[in-house]
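> I'd like to ask you about the structure that follows.
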């Protein structure tokens with residue numbers, strides 16, 4: 001019985017030990033792809049800008065109303081009718097009153113304050129109740145409501161042994177804590193409370209961690 005002859009298979013050449021070592025070193029030293037996110041790098045998030053819908057709507061409404069009244073009166077005058085009484089009186093007041101008049105100064109001060117307020121609204125982000133968080137990517141933005149941060153800090157404070165009550169006020173740069181200590185020395189409670197709150201602030205991952213001011217007082221048992 002004739003056995004079928006199989007064609008000889010070609011074997012891949014076995015690389016030399018030096019070649020394997022050079023390939024391994026090259027693969028280990030190859031830099032990571034530039035498009036992927038860099039691990040371990042965090043970015044300080046920025047506070048989102050407020051839309052300022054209410055101030056913008058009020059400003060637009062006032063300007064539109066004033067422009068509408070003035071345009072309506074101008075059209076009346078162009079059609080041969082007399083000007084409105086308010087326009088005649090306003091023109092007389094502007095022509096007769098001097099710059100040193102009290103009402104002129106008051107009106108100018110009010111307009112200057114309103115203009116400054118609009119400039120502040122236009123140049124500041126607003127949304128002071130939202131705290132920016134650190135993010136692994138600069139294109140990713142995350143915020144935390146200040147009231148939620150206060151609740152988290154208060155829960156962390158109440159878990160400290162010896163704390164019977166805590167009042168927390170959180171600003172953009174500082175956290176003020178007043179705690180009532182029972183059954184323990186106020187100094188020991190203050191040390192444990194400071195450590196617990198610092199750990200909780202680090203866990204919040206705020207972009208700008210605030211400073212911490214802790215005060216404790218002994219309460220009667």
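> Which residue pairs have Cβ atoms closer than 9 Å, lie 6 or more positions apart in sequence or on different chains, and pair a first residue in the range 46-69 that is at pLDDT 85 or above with a second residue that is part of a loop (DSSP other than H, G, I, E, B)?
Partner pairs satisfying both residue conditions: 69/84.
> Can I ask one more? Considering only residues of the range 192-221 that are under 20 Å from the mean Cα position of the chain (by Cα) and assigned to a strand (DSSP E or B), which is surrounded by the fewest Cβ atoms within 10 Å (Cβ to Cβ)?
Looking at the filtered set, the residue picked out is 211.
> Hey, which of the strands (runs of 3 or more DSSP E) in the range 86-191, taking only ones fully inside, have at least 3 residues that are surrounded by 10 or more Cβ atoms within 10 Å (Cβ to Cβ) and touching a helix residue (DSSP H, G or I) at 6+ places or on another chain (Cβ under 8 Å)?
Numbers: elements: 130-132, 143-145, 163-170, 174-181.
Fully inside the range 86-191 and qualifying: 163-170, 174-181.
> Tell me, yes or no, whether the range 161-179 has at least one residue that is closer than 26 Å to residue 53 by Cα and not assigned by TED's automatic domain parsing to the domain that holds residue 58.
Within the range 161-179, one or more residues are closer than 26 Å to residue 53 by Cα and not assigned by TED's automatic domain parsing to the domain that holds residue 58.
> Got at least one residue in the range 110-126 being touching a residue at least 40 places away in the same chain (Cβ under 8 Å), at positive phi and in contact with a strand residue (DSSP E or B) (Cβ under 9 Å, 6 or more places away or on another chain)?
The answer is no; no qualifying residue exists.
The values are calculated or read from the model by the stated rules, or taken from the named source; none is laboratory data. Since this is a predicted model, take the numbers as computed values, not measurements. In this analysis, Cβ positions are derived from the backbone assuming ideal geometry, glycine residues included, and neighbour counts consider all displayed protein chains.
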